[in-house]
Amino acid sequence: ATSRLLVNYEEPYRSQILDYLFKPNFAAALHILKVEIGGDGQSTDGTEPSHMHYENDENYFRGYEWWLMKEAKKRNPKIKLIGLPWTFPGWIGKGENWPYDYPDVTAYYVVSWILGAKQYHDLDIDYVGIWNERAFSSKYIKLLRYTLDKHGLQQVRIIASDRLWEPISFALLIDSELNGVVDVIGAHYPGTKTVPNALLTKKKLWSSEDYSTFNDEIGAGCWARILNQNYVNGNMTSTIAWNLVASYYEELPFGRCGLMTAQEPWSGHYKVEAPIWITAHTTQFTQPGWSYLQVDGHLKGGGSFVALTDGLGNLTIIIETMTHNHSQCIRPPLPHYSVKPQRATFYLKGSFYMVETLQVWHSRLGFECGNSSLFQQLQPVKVLKGSFSLDLNVDEVYTLTTLKTGQKCGCPEPPPPQPFPSNYKDDFNIRNPPFSEAPNFADQTGVFEYFINASDPGDHVFTLRQVVVQRPITWVSDADQTISLIGNFKWVNFTVTCDVYIEKPHDGGVFIAGRIDNGGIYVRRTKGVFFWVFADGTYRVTGDLAGEEILMKGLSGVRDNAWHTLTLNIQGTSASGLLNGYPLWENVTISKPSNGWAAIGTRSFEFAQFDNFHVEA
């Protein structure tokens, strides 16, 4: 759920961000885009909607991944696409929190997503994964391959298991049928190392999720080091960064752990961070299908180099000299090592002996002095009798290449940063929305979608509806309530107003809330000020999403299947609530949290509608 805010950027800024990420010979020029196959559950910074909320439901226009893949393909038709589920809709497990009890159902569900990508968006998915960072089932993987082939999807390759090197590597060695259907072993955060069993399989080894580090200069150092050393130390020929672009509220988990930052669609502000230009050192001068030369890439004075060729005479060498303290990734811990300035001599042999000059691109990450020089073209290097020497300092990246196509491009400066608007309204009145979800709302449990309420002739034809009615097969601990948050985490004093419609009789309920302090993987422990109304005619004010810390309760007269207007006013240490414009409760003392987002949500996984949302801070 990391591209949530990207879709709401206005042009030209949205296209500029996409150009920095995907356009060849422009900036990051990425080779691979890996997306979540949305499963209606929390996947780190929010939920992504499934293409099948319910067993009899199929819709290939929800969420933003279809759009993102098309934008990537529009810029680079050769980009490789990968889909991987984090969560699954509850019906797949028939009530159990496990996707492998009915493996044929799960395989049908995943293959439907791949078929839908082609049928509705003309997208060819290249690779599919199993279940992100959770157990794999050999039976399911074989069934997935069978189901893919049955639907003419022989070209879709399988990656397993997006967790650790083991037990998947051992499983491949002892099960020849499994070995025949898995194409790539993908491990997460391998720390540039692999294991003997993985090497024994002779499979392609990938770091299929890595980086996840705050995108300052140290994040760029981490990225530069692992892009090289994942191959040098671990024989991995692909490294995939989580995440593409930090387009989610920064105070959610792992804020700004993207290759660049675009978390302000309301202002148009974004920032091209250093990792974008580190990426370019590799991506602009190699392509999928190139091969690594099998050389020992450790430099004597510390640091590393890799060399790649297209097999047609082109050569690219990438060198990094990142020091330990300037290249620590978020995980795993990095053992101490030292790097010192050094003179390195390279010898070109065989068909490369004839190379006379190499183009040079250079970055220096400036830590102490603070002025980095990123992806600058230097004078070409002359190769004499198949050799050349370079003086390498620390915290540098060099690319030496026969390719002359490199470019450092840029767009005009984006607008300056602005906080989220302090007076924000959404009436959800849009007949053909470009996306299924309303701008800026970040669903944290459940899924909130635009809805056309055909049975209401009045003011509530176009609404926002919570549509997940069964707990998904979760990846982390989703809340037992649904919640979508919005706004500015720094808000202290504010008023939230929203029309609400409870659809579930007897025990249905909805809330509006303020000072929300948490989301993402921590959504179960969310605190704030919650104003609840229930179908049984009662109301509650609580200090937490779980509803355990009750600050006030009483009768409201609210009923299901009728519209009501809730207003929550928070000033300093005091809160009050209005129902349909009349005071329902007041002077409830609030100790903490002292600030946070606004939110809407439901008591359980139930249908409910919201309209005319308004927050004034």
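Taking amide H positions as placed in the peptide plane 1.01 Å from N, state which residues far from PHE494 in sequence (5 or more) or on other chains have amide H under 5 Å from it.
HN-HN under 5 Å from PHE494: ILE570.
Would you mind telling me the share, in percent, of accessible area of the chain contributed by carbon and sulfur at probe 1.4 angstrom?
After summing per-atom areas, the C and S share lands at 51 percent.
When DSSP beta bridges are limited to those with both residues in the stretch 12-269, what percentage is antiparallel, rounded to the nearest 5?
10 percent
Solvent-accessible area per residue for the stretch 12-269 at a 1.4 Å probe radius, Å²?
33 Å²
How large is ³J(HN,Hα) for each residue in the stretch 121-138, as worked out from phi by the Karplus curve 6.51 cos²θ - 1.76 cosθ + 1.60 (θ = phi - 60°), to whole Hz, x for Gly and Pro?
Whole-Hz 3J(HN,Hα) from phi for the stretch 121-138: 10, 6, 9, 9, 7, 8, 9, 9, x, 9, 7, 4, 6, 10, 4, 10, 10, 4.
At what distance in angstrom do the alpha carbon centres of the stretch 201-255 and the stretch 561-617 lie from each other?
Answer, in whole Å: 40.
May I ask for the longest run of the chain untouched by trypsin sites (Lys or Arg not before Pro) that are loop-located per DSSP and have at most 13 neighbouring C-beta atoms (other than their own) within 10 Å?
That would be 491-617.
Sort GLU264, GLU10, GLU606 by accessible area with a 1.4 Å probe, largest first.
Putting GLU264, GLU10, GLU606 in descending order of accessible area: GLU10, GLU264, GLU606.
Sorted by average packing, counted as other Cβ atoms within 10 angstrom per residue and highest first, what order do 320-328, 165-173, 528-536 take?
Sorting 320-328, 165-173, 528-536 by mean packing, highest first, produces 528-536, 320-328, 165-173.
In debye, nearest 20, what is the charge dipole magnitude of the stretch 12-269 about its Cα centre with +1 on Lys and Arg Cβ and -1 on Asp and Glu Cβ, if you could check?
That gives the stretch 12-269 a dipole magnitude of about 940 debye.
Using amide H atoms built 1.01 Å from N in the peptide plane, name the residues 5+ places from ARG157, or on other chains, whose amide H lies under 5 Å from its own.
TYR127, VAL128
From the square roots a ≥ b ≥ c of the eigenvalues of the alpha-carbon gyration tensor of the stretch 423-616, which class results: rounded (a/c under 1.5), prolate (a/b over b/c), or oblate?
It comes out rounded by the Cα gyration axes.
Can you list the GluC sites (Glu not before Pro) in the stretch 484-554 that are in a DSSP coil and have 16 or fewer other beta carbons within 10 angstrom?
GLU548, GLU549
Would you mind getting the accessible area per residue of the stretch 368-467, heavy atoms of the protein chains only, 1.4 Å probe, in Å²?
52 Å²
In the stretch 423-616, with Lys and Arg counted as +1 and Asp and Glu as -1 at Cβ, which of these residues, VAL529, VAL541, PRO593, has the Cα nearest the positive end of the dipole, that is, farthest along it?
PRO593
Which whole-angstrom value gives the distance between the alpha carbon centres of the stretch 105-182 and the stretch 1-66?
21 Å
Show me, bin by bin at 10 Å from 0, the whole-percent P(r) of the stretch 12-269 based on Cα pairs.
For the stretch 12-269, the binned pair fractions read 7, 29, 37, 22, 4, 0 percent.
With unit charges on the beta carbons (Lys and Arg positive, Asp and Glu negative) and the dipole taken about the Cα centre of the chain, which residue among PRO416, TRP266, ASN56 sits farthest to the positive side?
Going by the Cα projections, it comes out as PRO416.
Under a 1.4 Å probe, what is the accessible area of the stretch 517-563 per residue, stated in Å²?
43 Å²
What is the distance, in nm, between label points placed 7 Å from the Cα along the Cα-to-Cβ direction at ASN25 and at GLN287?
Between ASN25 and GLN287, the simple spin-label model gives 1.1 nm.
Going down the table (LYS80/LYS202; LYS118/LYS408; LYS340/LYS385; LYS34/LYS404), which pairs top 26 Å between alpha carbons?
Check vs 26 Å cut-off fails for LYS118/LYS408; LYS340/LYS385; LYS34/LYS404.
Rounded to the nearest 5, what % of DSSP beta bridges with both residues in the chain are antiparallel?
Restricted to the chain, the bridges split so that about 80 percent are antiparallel.
Go through the stretch 341-401 and name the GluC sites (Glu not before Pro) that are in a DSSP coil and have 16 or fewer other Cβ atoms within 10 Å of their Cβ.
Those that pass, being in a loop and sparsely packed, are GLU356, GLU368.
Taking semi-axes √(5λ) of the Cα gyration tensor in Å straight from the coordinates, which label in (i) 51, 36, 28; (ii) 53, 28, 23; (iii) 47, 28, 21 is the correct one?
Only one option fits the structure, namely (iii).
Show me, for the stretch 520-536, the HN-Hα J-couplings you get by feeding each phi into the Karplus relation (A = 6.51, B = -1.76, C = 1.60, θ = phi - 60°), rounded to Hz, glycine and proline as x.
So the Karplus estimates, Gly and Pro as x, are x, 5, 9, 4, 5, 9, 5, 10, x, 10, 10, 10, 9, 10, 10, 5, 8 Hz.
State the Cα centre-to-centre distance between the stretch 399-467 and the stretch 260-304 in whole Å.
Here the answer is 28 Å between Cα centres.
Rounded to whole Hz and in sequence order, give me ³J(HN,Hα) for the stretch 202-208 from the Karplus expression 6.51 cos²θ - 1.76 cosθ + 1.60, θ = phi - 60°, writing x for Gly and Pro.
With the stated coefficients, the stretch 202-208 comes to 6, 7, 5, 10, 10, 8, 7 Hz.
Might you report the magnitude of the Cβ-based charge dipole of the stretch 423-616 about its Cα centre, with Lys and Arg at +1 and Asp and Glu at -1, to the nearest 20 debye?
Value, rounded to 20: 460 debye.
Using the crude model of +1 on Lys and Arg Cβ and -1 on Asp and Glu Cβ, and no other charge, please compute the dipole size for the chain relative to its Cα centre, in debye to 20.
The dipole of the chain has a size of about 2140 debye.
Taking the simple approach of a point 7 Å from Cα along Cα-to-Cβ for both ARG559 and GLU11, what is their distance in nm?
Result: 5.0 nm between the two label points.
The values are calculated or read from the model by the stated rules, or taken from the named source; none is laboratory data. Just so you know, these numbers come straight off a predicted model, no measurement behind them. Counting neighbours? That spans all protein chains shown, and the Cβs are built from the backbone with ideal geometry, glycine included. The accessibility values were calculated without ligands, DNA or RNA, using every heavy atom of the protein model including side chains. Shrake-Rupley method; radii C 1.70, N 1.55, O 1.52, S 1.80 Å.
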